[in-house]
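For reference, the structure discussed in these notes is given below.
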Amino acid sequence: MVSQDRVTRAMTSDGAFRVIAAITTETATQAAQTQGLAGAGALRLAELITGAVLLRETTQPGRRVQILMRDQRGGVLVADAMPDGSNRGIVNPGAPAGTVPKVPSAVSDTTMQVSYTMQSGALHQGLVGVPAGGDLSNALMRYMQQSEQTLTVISVTALAAGTSGVAAAGGYVVQLLPEAERPALQAMTEHLDRLDRLQELLAGPITSSRELVSCLLSGFDHAELADSPLCFGCTCSEERVLGGLARLTPDERASLLDTDRALEVRCDACGRRYEIDPDQLRAYVVARTAN
């Protein structure tokens, strides 16, 4: 079955507002399953992946955007949104092997860090605090105001499927542009106030990002700017695994290479397993040192 996950960008004809809407249900479901998450943890990861997609599309669709949420207990959630539309999530277990992974608590203070590489090659990192009881939508809006100096309305949500899965996930951005005048701002504010909450929209009539854009811009002349697919995916490869092993200290590599059996390495993000022959790693280290 073809995935329905997509992200759509549109702009009002008067140049006052830009709207971005994303449906991420299947992407988030696969990410949560790969990380072994269910219940509230799966929903939080789904919202974080949706937020990363929206920030990528808002700031620069051609760059990779990463969001990292860390709470005071050491629980970590990471979402990566890649330029090709693939996305992944990673959970820092924070617990002994075989136990349920920790995820950021909904009632503890949390920090949200947004990272991406700018056109100059410099790394941008923005950090905002999420107080106890705060939600991701508010944190994303605070980030856009503080780090991007942009007045933006953002909403992300994920709905549960029973007690374990993700029934629906998505979100939207309504961004005020410099051309906006007061009457347009007032009209949009009143329109958004009349809309059902995102949870109700995703639980009811909205099944695609284009439908969500049409709902958000109902009554406003607008044009679609772009529409592209989203999916679960990873940037891991055998070359990257070799590179990571090569960066270990000589003593750490020696302990790994003290065997004739292949080294088994599992990607934390997608679960893919790699078998690295010790001789292959030795040759890679030698070639890397020679260069």
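Which fully enclosed strands (runs of 3 or more DSSP E) of the stretch 196-291 have 3 or more residues being surrounded by fewer than 15 Cβ atoms within 10 Å (Cβ to Cβ)?
By residue number, 222-229.
Which condition does L37 not pass, out of (1) farther than 28 Å from L151 by Cα; (2) of a type outside the set (G, A, S); (3) touching a helix residue (DSSP H, G or I) at 6+ places or on another chain (Cβ under 8 Å); (4) not in a loop (DSSP other than H, G, I, E, B), if it passes all the others?
(4)
Kindly indicate whether A203 is out of contact with any helix residue (DSSP H, G or I) (no Cβ under 9 Å at 6 or more places or on another chain) and not polar (S, T, N, Q). If you could, list the steps in order and put the result at the bottom.
Values: out of contact with any helix residue (DSSP H, G or I) (no Cβ under 9 Å at 6 or more places or on another chain): yes; not polar (S, T, N, Q): yes.
Considered against the rule, which asks whether it is out of contact with any helix residue (DSSP H, G or I) (no Cβ under 9 Å at 6 or more places or on another chain) and not polar (S, T, N, Q), A203 comes out as yes.
Checking Y116 against (1) over 12 Å from V65 (Cβ atoms); (2) buried (at least 16 other Cβ atoms within 10 Å of the Cβ); (3) modelled with pLDDT of 90 or more; (4) among the hydroxyl-bearing types (S, T, Y), which single condition isn't satisfied?
Checking Y116 against (1) over 12 Å from V65 (Cβ atoms); (2) buried (at least 16 other Cβ atoms within 10 Å of the Cβ); (3) modelled with pLDDT of 90 or more; (4) among the hydroxyl-bearing types (S, T, Y), the one that fails is (1).
Residue by residue, here is whether (1) among the basic types (K, R); (2) in contact (Cβ under 8 Å) with a residue 24 or more places away in the chain; (3) in contact with a Phe, Trp or Tyr (Cβ under 9 Å, 6 or more places away or on another chain); (4) in the same structural domain as G89 (by TED's automatic domain parsing) holds:
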residue	(1), (2), (3), (4)
D221	no, yes, no, yes
L256	no, yes, no, no
R261	yes, no, no, no
R266	yes, no, yes, no
G271	no, yes, no, no
Y274	no, yes, no, no
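Which residue out of T235, T259 is within 20 Å of A31 (Cα to Cα) and hydroxyl-bearing (S, T, Y)?
Answer to the selection: T235.
How many residues are in contact (Cβ under 8 Å) with a residue 12 or more places away in the chain and either of a type in the set (K, R) or outside any strand (DSSP E or B) (or both) if we restrict to the stretch 47-97?
29
Quick check on the stretch 119-134: of everything there that is among the small types (G, A, S) and part of a loop (DSSP other than H, G, I, E, B), which residue is modelled with the highest pLDDT?
Of everything passing the filter in the stretch 119-134, A122 is modelled with the highest pLDDT.
Mind checking which residues of the stretch 135-178 are under 22 Å from A40 (Cβ atoms), without any contact (Cβ under 8 Å) to a residue 12 or more places away in the chain and not in a strand (DSSP E or B)?
Result: D135, N138, G162.
The values are calculated or read from the model by the stated rules, or taken from the named source; none is laboratory data. Just so we're clear, the structure is a prediction, and the values are computed from it rather than from any experiment. Reconstructed Cβ throughout: ideal geometry from the backbone, glycine too, with neighbour counts over all protein chains shown.
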